Each structure stands twice: as structure tokens, then as C-alpha cells.
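*Asks:* Below: one structure in C-alpha cells.
The values are calculated or read from the model by the stated rules, or taken from the named source; none is laboratory data. Since we're looking at a predicted model, the values are computed, not measured. All Cβ positions, glycine included, derive from the backbone under ideal geometry; neighbour counts span all protein chains shown.
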């Protein structure tokens, strides 16, 4: 029995558990490059479909490039939450597969370190990414989802979006009329522009070599940018004046008639985790209780399963000697994709009230078991357990003092 004076405290045990040794730092250094590459590839693949939608909005709606960038930024937290588990699985799989083929794992095992001890830094990284996922799902994604919907709404309803044609007159307001000799790019690029604008008792006749119609940076107006032109201003009280300009901007219409976007919180996915708990405690009826419960448990279950992904990747990355296993990574991805679809289905069923939120946790526990059991098999834990059981049964049936 160890004297109490020499027993390490709880803080010391936690510190020893988190302290990184030489092997731990080596494994993490090997993991970072493939992890960042995989994260970039998965993020690009997930964003590709939405990028096409946003490009279509940018071109057909004559939106500014800043609007496109703002929409893209609001999408990043959502797809980052999906890309982190996939990137972690691919990177851990690639490192463990290489070490298994080069017999580095055998060298580590011969030094007295088990497979579970060897991948401890990957488990710590998985736990850290689980915390990051909790922050993403519970705090960042709800605000980003609402910001995306709001920005997309204003980009789609930014006021009068003209479809000009060559040598035809357009009147965005009762006081303004303009035309152009040549119109290209779906009505947004103009050449040889003429504008008549009556404002404050004066008439402004504007000519310009080129013009470009687009949505203003604030998304609340449609403006035309003019290049290389002149302005003739006439009024009843003052003599005419002529001004030459290289660049001028005129507002064609404002979006004052656009209905403001709704407040955040009409969808449970736009609520942060504390807000979900608050509405559940207050019995808020604006969103049904099954929807709130399902969303809260869905977020928690997804966060708690992230630390188990290194176990899954390690189990399917280890190969037998002189064999080329080509189904390891596809099998791991099938399990992860199947788990994601199963969680989504359980989430939807629980939200409708047809099943309990326990269905979400059942799917999560099934995934955890699929991560743990194969690794225990590869690490020899089952063989040791079976040998231990057989030894105990043998001792039980052997008489004392027998041969």
C-alpha cells in the first residue's frame, strides 16, 4: 500500500495525463499537415454547392462582391462543424496506416506502450475538437444561420433590380428616366448612358461613356456607377452649369419598401444552447417542446461522439502483415456517414414527437460502440480477457495441490 504522503493528488494526476511526451509530440506533429489538408478539401467540397447558388445570386441579382463574401462567411461555421470530424478521421487514419505498414506500431508496443496509450494525443485532440464542436453547435452556428438567412433575404429583396435593354427608357422613379445605347451582362453593364434626374427644383441631365448597375454595399439601394461623363444642371433661378466627372455614383432606387427580416429565434436551430434550455424551463410555446428538446440533445450527442472518432480511424487503419487492406477508410466513412444520417433521422423523429430523445442517444451509443469494439479487438484486449477468464476457470476446476 502506497503511503498517503506519496500519493499524487488529483491535480497532479490530471497534469500527468495531459503532459505530452516525446512520442505524443511526434504523433501530433505528424498529424497536423494531413489534418489541415483534409479540413481544407472537405470544406471546399461542402461549400461547392452553396458557392454555385451564391454565384448565381451575385450575377443575376447584380449584387456587390462584398455581399457574396458576407454570405460565404456566415456559412463557414455550419460546414466547419461537419468538416472537423471528417478531417480528424482521415488524418488519424493516414498516420496510423503509415505507422502500421512501416511497423512503427510494433516498435512502440515493444517499448511497453499499448495501442491505446500510443494514440492518447489523438484522443486528447478529439476531446478538444469536441469542445470546439460544442461551441460551434451551441453558440456560433445559431447566430451564423440567422445572419445567413437575413443577408440572403436582403440580397434577394434589395429593391428595384432593373433588366435594361438597349435604347429603351427606364423610370425607376417619377423624377428619373435613363437609357443606354448598349446594354450587356443581363442589364448591368451600360454604354453611352443618358440620365434625366429632376431633384430639388433643378433638372440634371447626365451623360456618361459607361455605367454599371449594382446593389449598394449596405444592401438597401440600387445604384449606377458612371464613368467619363458630364452633368448639365438647369433651374429657373440660376444659370445652367456643366460639371465633368471621371467617376460618379447615382442612386436609382431605395429599398425602403422591403419588409424587415424577422427576429432571430423563430427556428430552434437559430437559438443558442442556453436559449434552448431557457425556453424549456419557461415552457415557451412559440416553438414546440419536442423540437426544442430534440435540438438540444442532438447538439450534445454530436459533440460527445467526436472524441471517439480517433478510435474508429485507428481500428480500421491497422493492417495485418503482408496484406493490403483497401476497405479500411471506406468502411470508416460508411460508418460515419451512416451515423450522421441515423442521427438526422432520430432528430427528425424526436422533433415530431413520434419518439423519445432517447432515440438520438441510442444512435450515438451505437456509434461509440462501433468505435470502441474494433479497437479493443485490434489491441488484443479481448484475447487477454479471454485468457484471463480461461485461467480462472481452469484454476476453479483444478483441485488444490493437483498437478
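*Asks:* Restricting the search to the range 334-364, which residues are buried (at least 16 other Cβ atoms within 10 Å of the Cβ), within 21 Å of the chain's Cα centre (by Cα) and more than 17 Å from residue 268 (Cβ to Cβ)?
*Replies:* 335, 336, 339, 340, 342, 364
*Asks:* What's the number of the condition residue 247 fails, among (1) surrounded by 12 or more Cβ atoms within 10 Å (Cβ to Cβ); (2) outside the structural domain of residue 149 (by TED's automatic domain parsing); (3) modelled with pLDDT of 90 or more?
*Replies:* (1)
*Asks:* Among the residues of the range 25-44, are any modelled with pLDDT under 90 and in a helix (DSSP H, G or I)?
*Replies:* Checked the range 25-44: no residue is modelled with pLDDT under 90 and in a helix (DSSP H, G or I).
*Asks:* Could you tell me whether residue 100 is assigned to a helix (DSSP H, G or I), surrounded by fewer than 20 Cβ atoms within 10 Å (Cβ to Cβ) and either assigned by TED's automatic domain parsing to the domain that holds residue 269 or touching a residue at least 60 places away in the same chain (Cβ under 8 Å) (or both)?
*Replies:* no
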